[in-house]
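Participant: Okay, handing you the structure first.
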Amino acid sequence: MPENPSKDYFVGVDLGGTKILAGVFNAKLELKGTTKLSTKADRGVDEVIERIARCVKEAVDECDLNLAQVRGIGIGAPGAVDTDAGRVIFAPNLPGWKDVPLKKALEKLLDVPVFLGNDCNVCTLGVFDQEYKAKPRDLIGIFIGTGIGGGLILNGDLYHGHNLTAGEIGHMVIEVNGPKCGCGNRGCFEALASRTAIFREIQAGVKEGQETMLTDMLGKDLSDMRSGDLRKAIRRGDKLATKVVEAAAEFAGIGVANLINILNPEIVVVGGGVIEALADEMMPTLIKAAKEHVMPGTMSGIDIKASKLGDNAGITGAAVLARRGTA
Ligand SMILES: [Zn+2]
């Protein structure tokens, strides 16, 4: 028997600087299949938009469905996004993306309603709606990968802010004279605890002559280092990897403490590639540091948890966005 007669599917798209991932979900938001394409961001805006459309079409086709059965498409895009207007205002990792009417362009190509959000906001929505069944009133999502992004669920909905950039948790300044951040500031959370920051510190340690088994594993220049390599090294007792990852986890805990002081959410969920690979190594230190840095009495009953959605947080959240948009 066919699962659903018609228009009961959603597509969630995770648009990244290097890859586009599209997932097809049924009405219960169960994932039916995914398709991945490279973004080819250097080919320009129009080409990327066409590739998003192609990725959606292929994902739908792979599931033996057609676009007429899709009720809505959600997209998480990196950068500042005007969700109401459906425009990407700017995206640092997508060259040429300035005030791009992505929603309109895709609706023209696919003839299905499109809903747009910032990638980390969308991931947070996915965690909130699917992992926590939309139960907490207030939830903060933090995603630690190449950079650090986040999202704020306040009163059961995403909070966007005056200039639609709320949730830029990665640029909270934690160490005033700290390392330079991609945004131009110094000592941002992202410059201290992202994968980029962790790798930079490991490489600096190696340059100073500190011993690490990572150079045996990957060669002196440590090219192609991945978060999983750090996990391996830490589990084998590597001192440099342990020290650097602990320090990053402590900074992340301080970031979480700041957020708890300001917003006092029920749950703080930490996800992203770094946490996916290093949850066991980082979460205990992160939670301990958060407890040490919050104002006394503010943390009672608040959970700090690693997300279980992993790489699918983006497409799941985008599908949630589409379902909420078409409800
Ligand atoms: Zn910054």
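The values are calculated or read from the model by the stated rules, or taken from the named source; none is laboratory data. All values derive from a computational prediction rather than experimental measurement. Positions of Cβ are backbone-derived with ideal geometry, glycine not excepted, and every protein chain shown enters the neighbour counts.
Participant: From the list 153, 198, exactly one residue is in a strand (DSSP E or B) and away from the ligand (no atom under 11 Å from the Cβ). Which is it?
Facilitator: Answer to the check: 153.
Participant: Residue check: is residue 51 surrounded by fewer than 22 Cβ atoms within 10 Å (Cβ to Cβ), assigned by TED's automatic domain parsing to the domain that holds residue 320, out of contact with any His (no Cβ under 8 Å at 6 or more places or on another chain) and assigned to a helix (DSSP H, G or I)?
Facilitator: yes
Participant: I've got another one for you. Would the range 11-20 turn up any residue that is touching a Phe, Trp or Tyr at 6+ places or on another chain (Cβ under 9 Å), on the phi < 0 side of the Ramachandran plot and touching a residue at least 12 places away in the same chain (Cβ under 8 Å)?
Facilitator: yes
Participant: Answer yes or no as to whether residue 282 is surrounded by fewer than 24 Cβ atoms within 10 Å (Cβ to Cβ) and out of contact with any strand residue (DSSP E or B) (no Cβ under 7 Å at 6 or more places or on another chain).
Facilitator: no
Participant: Does the range 248-256 include one or more residues that are surrounded by fewer than 20 Cβ atoms within 10 Å (Cβ to Cβ), aliphatic (A, V, I, L, M) and modelled with pLDDT of 95 or more?
Facilitator: There is no residue in the range 248-256 that is surrounded by fewer than 20 Cβ atoms within 10 Å (Cβ to Cβ), aliphatic (A, V, I, L, M) and modelled with pLDDT of 95 or more.
Participant: What's the number of the condition residue 237 fails, among (1) within 16 Å of the ligand (Cβ to nearest atom); (2) assigned to a loop (DSSP other than H, G, I, E, B); (3) at pLDDT 95 or above?
Facilitator: With (1) within 16 Å of the ligand (Cβ to nearest atom); (2) assigned to a loop (DSSP other than H, G, I, E, B); (3) at pLDDT 95 or above applied to residue 237, the lone miss is (1).
Participant: Follow-up. Test of understanding: among 234, 267, 260, 287, which residue is more than 24 Å from the chain's Cα centre (by Cα), β-branched (Val, Ile, Thr) and either under 30 Å from residue 33 (Cβ atoms) or not assigned by TED's automatic domain parsing to the domain that holds residue 36 (or both)?
Facilitator: Criteria check complete, one pass: 234.
Participant: With respect to residue 145, is the statement that it is within 23 Å of residue 271 (Cα to Cα), touching a helix residue (DSSP H, G or I) at 6+ places or on another chain (Cβ under 7 Å), in the same structural domain as residue 256 (by TED's automatic domain parsing) and more than 14 Å from the ligand (Cβ to nearest atom) true?
Facilitator: yes
Participant: Still on this structure, please answer the following. Name the residue that is farthest from the chain's Cα centre (by Cα), counting only residues in the range 166-194 that are more than 10 Å from the ligand (Cβ to nearest atom) and closer than 21 Å to residue 137 by Cα.
Facilitator: The selected residue is 166.
Participant: Restricting attention to the range 116-136, does a residue exist that is within 16 Å of the ligand (Cβ to nearest atom), within 21 Å of the chain's Cα centre (by Cα) and not aliphatic (A, V, I, L, M)?
Facilitator: yes
Participant: Hey, any hits in the range 292-300 for a residue that's out of contact with any strand residue (DSSP E or B) (no Cβ under 8 Å at 6 or more places or on another chain) and either of a type in the set (Asp, Glu) or in a helix (DSSP H, G or I) (or both)?
Facilitator: Checked against the condition, which is being out of contact with any strand residue (DSSP E or B) (no Cβ under 8 Å at 6 or more places or on another chain) and either of a type in the set (Asp, Glu) or in a helix (DSSP H, G or I) (or both), the range 292-300 yields at least one hit.
Participant: Same structure again: Taking the range 151-172, which residues are without any contact (Cβ under 8 Å) to a residue 12 or more places away in the chain and within 20 Å of residue 325 (Cα to Cα)?
Facilitator: Matches in the range 151-172: 157, 159, 161.
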